[in-house]
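This report refers to the structure that appears directly beneath it.
The values are calculated or read from the model by the stated rules, or taken from the named source; none is laboratory data. Predicted model only: the values in this text are computed from it and were never measured. Counting neighbours? That spans all protein chains shown, and the Cβs are built from the backbone with ideal geometry, glycine included.
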Amino acid sequence: MNIIKKLRIKIRGQLLLYVLGSFLIIYCFTMGFLIYGNRVQHMSSAEYIAKTTSAQYANLVTEELNNVFQTTRTLAEMAKVSSK
């Protein structure tokens, strides 16, 4: 109130100042809430994607290693048979 009196704003200007000030406060609060909510949601989504992707790659690597080990076992068996 004291600032408005010092500025000597007319009633129309005062009303505009109150409305814009209220709008700005509500806008900042809403945007902060939405940004924080989206941030939390995106972090959990990113964590889920990272876990599923790493699990898929782990399965692929395990399968590839099993194939290599199977080949190695086969070659070892062939070497045993041929050395007899």
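Beta carbons closer than 8 Å, at least 6 apart along the sequence or on distinct chains, never pair a first residue in region 14-40 that is β-branched (Val, Ile, Thr) with a second that is surrounded by 10 or more Cβ atoms within 10 Å (Cβ to Cβ) and part of a helix (DSSP H, G or I). Note on region 1-32: among residues that are β-branched (Val, Ile, Thr) and surrounded by 10 or more Cβ atoms within 10 Å (Cβ to Cβ), the one that is modelled with the lowest pLDDT is Ile4.
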